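Shown next, in structure tokens, is the structure this report addresses.
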Amino acid sequence: MNPSTGIGQPAPEGATAPPTGAGPGLRADLAVERRGFSLRLPLRIEPGTTAALLGPNGAGKSTTVEVLAGLLPLDGGRIELDGRILDDPDRGIFVPPDRRNIGIVFQDYLLFDHLSVLDNISFGPTARRAGSFPPSARRSRRQRAEATAHRWIEALDLGGLEHRRPSELSGGQAQRVAMARALAAAPDLLLLDEPLAALDISTRNELRRAMVDHLALFDGPRLLITHEPAEAFLLADELYVVEAGHLVQRGTPEEIRRRPSTPYVAALTGTNFLTGFNRDGAITIDRANGADRDGVVATGFVLTTSDTRTGPVRAGIDPRAVSLHARRPEGSPRNTWQTEIDWLEPLGETTRIRLGPPLPLLVDITPAAAEALHLAPGLPIWAAVKATEVTVHPA
Amino acid sequence: MTATADTTGRPARRNSGGTDRRTARRPPPALVLPAVVAAGLFVLPLIGLLGRTPWRALPSLVADDTVTDALRLSLLTSFAAAAASIVLGVPLAWLLSRVEFWGKGLLRALVTLPMVLPPVVGGAALLFAIGRRGLVGEPLYEATGLVLPFSAAGVIVANTFVAMPFLVVTVEGALDGVDRRYEAAAASLGGGPLTVFRRVTLPMIAPSLRAGAVLAWARALGEFGATVTFAGNLAGRTQTLPLAVFVALESDRDAAIAISLVLVAISLVVLVALRDRWWTRP
């Protein structure tokens, strides 16, 4: 590999830096040391796919944004985007923020309020091409930038708002302007930092669905930073769960839902995570369960599983695998018990329910099903889980 | 009347007369009395000036060559000093706000020094530095034949010296207050440092820049001590309005009043013209 690749002076506009042979997409190994905090995070994102970095406050999400954006240098590891090295302390390479070509949708959007919507969106195309045009071509440069901006205004359904100031926009409109502004700069990586966190719940649910289409407008690698599991699970092809600066688990949403590796991940993803003792397919659930802080399991509650090992186990139940019935369900080998609704919360695509005693579980059902069952807190109900849906790992 | 007495800070309902019931509360005399004295301090001198004005002779007094020359020079030099303060002071403010370097604290103190220093001392210091026999002035003279003291250019230098600190202090404060994440956002869009400064930082501090520029201009217009020391008092060349007033006070009191009124008028015109733009806070 050529050590000079990607050094502070990138190749002239239009030409791409010589590849290092590592291929397209984002390949990063982040290592940052700060007072009392260290971040270690490997990231691999292929073009056209979305990865989500999911974690609580203090997990290292903002630090990740800062090192990728070039606001904070790495202490170790490297960042490589489409074969171009952006940061590599070992080789003394550091590409400044304005030459990284990373589009960022910031948490509170950071739209320029002294500029119109159109000028915000054409900021990137204008700035990127600055310097490559002689002053005589300024006019055509500006026109070209505005043509680019107009394409994104159309793509994100912002027509009619071109001459508004960002302060005159609704939260959802501002979010789309931020998206258009980032995409109009033709970035090599799209970084979304809590893009829906500033919105109220109903707008958030609405935009979360629209985001699926918006993300598809960008064919490079995408990284979504979020603390909101619903967002990550809906939008991401792959999840990186981080806690205290370290990768706790990595996998597809399905893998993580089904096999949360720690109680923390289980709680974060809404998966039911229970500890107990398995004796030939009958798990006696412990009374106190780590992931379930506000509920206590009835003594001697037994879950049937298709896994017949014997010993202490961790059992996972996908909230979508629990079915609810008005009457006692008949048929196949399954766990059934009577319980009541503790609370329920509409999350847009699904309705999340928490069951009361004897086994406090999270359940996700469709809003239509919730409607049909007339679900409400305190309502007595039958719950059922197939034995094959109880995934078991040795504790 | 449906108005409700309201002491909670909520907007009170208005009665049919349109009076806001909140304003009915008397402001405390402990604040009002000193405020009235303060206001008197600003209003009384103006009244004194107007009371002694020879209104009938005023047109001919103002039309005097000495006065029109001084007026022209004052306008030229004060605006030139304000412009120089912007062109040089904004980058200096940026440096003080954004770049870490050795001796920054000392430099910041030196920049604000002219605000504290008697202007006469500043003028003398300028003379020692860039006068014809000065530290920098002598080599400058030998190389280019340029002599700053006792010229209109010298007046501008003296004015800029006393005026620029007002702009630098105002703008540096504004730069410190800018949310740096907006600059980061602009950089992520491909904006180089100069583009970011020009298209994001500068517009964000525009109100403070305007305020700083007006402060600097106002300070330059009233400049006396540094100007008289560094540029002298040559009628038609370096005699600005304040110097003309001072000279006239010795010989022709009516002329002094007339020139003073001209100064008051210019100042008011500029301040009122700018008032609606930024003087009033929302």
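The values are calculated or read from the model by the stated rules, or taken from the named source; none is laboratory data. Please read all numbers here as calculations on a predicted model, not as lab measurements. Cβ: placed from backbone, ideal geometry, glycine included. Neighbour counts: every protein chain shown.
Scanning region B:204-228 for residues that are surrounded by fewer than 21 Cβ atoms within 10 Å (Cβ to Cβ) and farther than 30 Å from A:Leu111 by Cα yields B:Leu215, B:Ala218, B:Gly222, B:Phe224, B:Gly225. Put simply, of B:Val171, B:Val196 the only residue that is among the aliphatic types (A, V, I, L, M), touching a helix residue (DSSP H, G or I) at 6+ places or on another chain (Cβ under 6 Å), crowded, with 19+ Cβ neighbours inside 10 Å and within 27 Å of B:Pro119 (Cβ to Cβ) is B:Val171.
Among what's in region A:210-244 and is within 19 Å of A:Leu26 (Cβ to Cβ) and among the small types (Gly, Ala, Ser), pick the residue that is surrounded by the most Cβ atoms within 10 Å (Cβ to Cβ). Among those residues, the one meeting the criterion is A:Ala232. Cβ separations smaller than 8 Å between residues 6+ apart or across chains give the following pairs from region A:373-386 residues that are within 14 Å of A:Ala321 (Cα to Cα) and in contact (Cβ under 8 Å) with a residue 60 or more places away in the chain to residues that are outside any strand (DSSP E or B) and among the polar types (S, T, N, Q): A:Lys386/A:Ser332. Take the conditions part of a helix (DSSP H, G or I) and within 14 Å of chain A (Cβ to nearest Cβ) and apply them to B:Leu243. Does it pass? No; evaluated as a whole, the condition is false for this residue. Restricting to region A:380-395, name every residue that is under 29 Å from the mean Cα position of the chain (by Cα) and crowded, with 17+ Cβ neighbours inside 10 Å. Passing the criteria: A:Val385, A:Glu389, A:Val390, A:Thr391, A:Val392. The set of residues from region B:127-162 being more than 18 Å from B:Gln239 (Cα to Cα) and assigned to a helix (DSSP H, G or I) comprises B:Phe128, B:Ala129, B:Ile130, B:Gly137, B:Glu138, B:Pro139, B:Leu140, B:Tyr141, B:Glu142, B:Ala143, B:Thr144.
Answer yes or no: is there a residue in region B:256-275 that is in a helix (DSSP H, G or I), at pLDDT below 90, exposed (fewer than 14 other Cβ atoms within 10 Å of the Cβ) and not aliphatic (A, V, I, L, M). Scanning region B:256-275, I find at least one residue that is in a helix (DSSP H, G or I), at pLDDT below 90, exposed (fewer than 14 other Cβ atoms within 10 Å of the Cβ) and not aliphatic (A, V, I, L, M), so the answer is yes. If you go through region B:93-101 one residue at a time, do you hit one that is on the phi < 0 side of the Ramachandran plot, more than 14 Å from every other protein chain (Cβ to nearest Cβ) and hydroxyl-bearing (Ser, Thr, Tyr)? Yes, region B:93-101 contains a residue that is on the phi < 0 side of the Ramachandran plot, more than 14 Å from every other protein chain (Cβ to nearest Cβ) and hydroxyl-bearing (Ser, Thr, Tyr). On inspection, A:Gly172 fails the criterion of being without any contact (Cβ under 8 Å) to a residue 40 or more places away in the chain and at positive phi.
Among residues of region A:86-105 that are under 17 Å from A:Pro125 (Cβ atoms), those with a Cβ under 9 angstrom from a residue that is of a type in the set (Ser, Thr, Tyr) and surrounded by fewer than 24 Cβ atoms within 10 Å (Cβ to Cβ), sequence gap 6+ or separate chain, pair up as A:Asp98/B:Thr195.
Remark: pairs (first residue in region B:221-248, farther than 13 Å from B:Pro149 by Cα; second residue among the acidic types (Asp, Glu) and in a loop (DSSP other than H, G, I, E, B); Cβ separation under 9 Å; 6+ apart in sequence or on different chains) = B:Thr240/B:Glu223; B:Pro242/B:Glu223. Of all the criteria given as (1) assigned to a helix (DSSP H, G or I); (2) closer than 17 Å to B:Leu249 by Cβ; (3) among the hydroxyl-bearing types (Ser, Thr, Tyr), the one not satisfied by B:Thr53 is (1).
From the list B:Ala124, B:Ala163, the lone residue that is aliphatic (A, V, I, L, M) and either surrounded by fewer than 23 Cβ atoms within 10 Å (Cβ to Cβ) or within 27 Å of A:Leu71 (Cβ to Cβ) (or both) is B:Ala124. A:Ser170: modelled with pLDDT of 90 or more, out of contact with any Gly (no Cβ under 9 Å at 6 or more places or on another chain) and more than 21 Å from A:Leu207 (Cβ to Cβ), yes or no? Judged against the criteria, A:Ser170 is not a match. Restricted to region A:80-118, and to residues there that are surrounded by fewer than 19 Cβ atoms within 10 Å (Cβ to Cβ) and among the acidic types (Asp, Glu), the residue that is farthest from B:Ser188 (Cα to Cα) is A:Asp90. Scanning region A:35-51 for residues that are in contact with a helix residue (DSSP H, G or I) (Cβ under 6 Å, 6 or more places away or on another chain) and over 15 Å from A:Thr226 (Cβ atoms) returns a single hit, A:Leu39.
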